[in-house]
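Where a number appears in this text, it was derived from the coordinates with a stated rule and is not lab data. What you see is a predicted model, and the numbers here were worked out from it, not measured in a lab. Here Cβ is always computed from backbone atoms with ideal geometry, including for glycine, and neighbour counts include all displayed protein chains.
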Amino acid sequence: SSNLMEVRNLTVDYVGEDSVARAVNGIDFEIREGEAFGLAGESGCGKSTVAFALARLTRLPGLVTGGSIRFKGEEVLGFEKERLRKYRWREVSFVFQSAMNALNPVIPVSEQICDTIWTHNPKASAEEVRARAVEMFELVGIPPRRLDDYPHQFSGGMRQRICIAIALCLNPRLIIMDEPTTALDVVVQRDIIEQIVELKSRLGFSVLFITHDLGLMIEFCDRIGIMYAGELVEVAPSAAILNSPQHPYTRALGNSFPPLTGPRQRLEGIAGTPPAPRAMPQGCRFAPRCAQAMPVCSLVPPELKIYPERESEAACHLLK
Ligand code: SF4
Ligand code: MG
């Protein structure tokens, strides 16, 4: 399938008074039409920074300092105000962890959905907009009779469904979801993710899914990129990430999560902590924590290489 989004050499810095910390160090990946692509990694690895950059929502002290983000071949980093407005919502929309708390508490949710539809379709009639709002509520499984309720009248899970309805109401081609269900209990999380997957296959949009929960991600994504210290260390189909992870960090990350089925076990965790942005190892950034590190690892950064026979990419000196 073809690429909806192509990210090349993307670099994001956090600019301080007299220092610069590199949060994302020249990463490359693509999101295909209709696929769910996951970004996984420990907190602080740069995955949310990538999501914000793709949405052109990077704000100072963050700054996209290099690379390219192409959406259907168009350079997103070059979009001016009007083009950007269309890009956000109509082409790409977002659901963040805190989205459900971003609903305005003193305005009925119907108004909040209708406003979004209206802003982008100013010529639509009140009836058309209302009908679309009803349709969106049905789509995410909330009875339309509740459309005029206020946010506090809904559970957390329902509020997050409403945010998903708002994100979907303009038929975007890509939805970026950064920890969309993390604040919810496990059963509600699963319900919502299953619903997103069902909507994705029905409506054909792509998803960029970010979560620290690798189990959930493996279950729901087609392909996964593993990030470590601002870089992609492995990109592969979910089944390969689960069954034949290539990179030592991917393996360690897999071991640190409970199995998908069977009894919950104690987590192994990964010894050590990621490097601080200002103290990046000069070779492989994972070397200080890697049980398989060799002398070359602390000297030469491994590059992300393509391994066509297993449809994956990985950056490690061990791999041939
Ligand atoms: Fe470990 Fe070396 Fe591979 Fe880095 S390049 S993950 S240190 S073996
Ligand atoms: Mg994050």
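Looking at the range 140-266 alone, DSSP beta bridges between its own residues are antiparallel in about 55 percent of cases. An oblate overall shape is assigned to the range 1-111, the ratio a/c of its alpha-carbon gyration tensor axes (a ≥ b ≥ c) being 1.5 or greater and a/b not exceeding b/c. As I understand it, the value is the acute angle between the Cα axis of helix 156-168 and the longest principal axis of the Cα atoms of the chain; what does it come to in degrees, rounded to 10? The two axes meet at around 90 degrees. Comparing mean-square fluctuations of Leu60, Leu214, Leu304 from a GNM of the chain with C-alpha springs under 10 Å, the top value falls on Leu60.
Axis of helix 126-139 versus longest Cα principal axis of the chain: the two differ by about 50°, to the nearest ten degrees. Using the Cβ-Cβ distance between Tyr307 and His152 with R0 = 30 Å, the FRET efficiency computed as 1/(1 + (r/R0)^6) comes to roughly 0.05. Extension gain Gln282-Val20, at 0.36 nm per residue separation less the Cα-Cα distance, in nm? Full-extension gain reported as 92.7 nm. Segment Arg59..Glu219, full-extension length gain: 54.4 nm, with 0.36 nm per residue of separation and the alpha-carbon distance subtracted.
Extents of the chain, taken as max minus min of Cα coordinates on every principal axis and listed largest first, are 68, 50, 40 Å.
Model label sites at Arg8 and Glu33, defined 7 Å from Cα along the beta-carbon direction, differ in position by 2.1 nm. Using DSSP, restrict attention to beta bridges with both residues in the range 3-314 and report what percent are antiparallel, rounded to the nearest 5. Looking only at bridges with both residues in the range 3-314, the antiparallel portion is about 60 percent. If R0 is 35 Å, what FRET efficiency do you get for Lys320 and Asn171 from their C-beta distance, rounded to 0.05? Between Lys320 and Asn171 the formula returns 0.20. Here each label is just a point 7 Å from Cα along the line to Cβ, and for Lys72 and Arg90 those points are 1.0 nm apart.
Seen against the Cα atoms of the chain and their longest principal axis, helix 109-120 is set at about 80 degrees.
In this simple spin-label approximation, Glu198 and Arg83 carry label points 7 Å from Cα along the Cα→Cβ vector, and these lie 3.9 nm apart. Annotation: extensible slack from Glu138 through Ser43 equals 30.7 nm (criterion: 0.36 nm per residue apart, minus Cα-Cα distance). Each other residue within a Cβ distance under 14 Å of Arg70 adds +1 if Lys or Arg and -1 if Asp or Glu, for a net charge of -1. Residues in the range 295-320, backbone N under 20 Å from the label point at Ala239 (7 Å along the Cα-to-beta-carbon vector): list them, ranges by number please. Correct set: 307-314.
Among Tyr14, Tyr228, the ranking by other beta carbons within 10 Å of each residue's beta carbon, starting with the fewest, stands as Tyr14, Tyr228. Pull up the cross-link candidates among the lysines for Lys320, meaning alpha carbon to alpha carbon under 18 Å and not fewer than 8 places away within one chain. Within the straight-line cut-off, Lys320 pairs with Lys305. Placing a label point 7 Å from the Cα of Ala124 along the Cα-to-Cβ direction, the residues of the range 140-163 whose backbone N falls under 18 Å from that point are 140-142, 144-149, 162-163.
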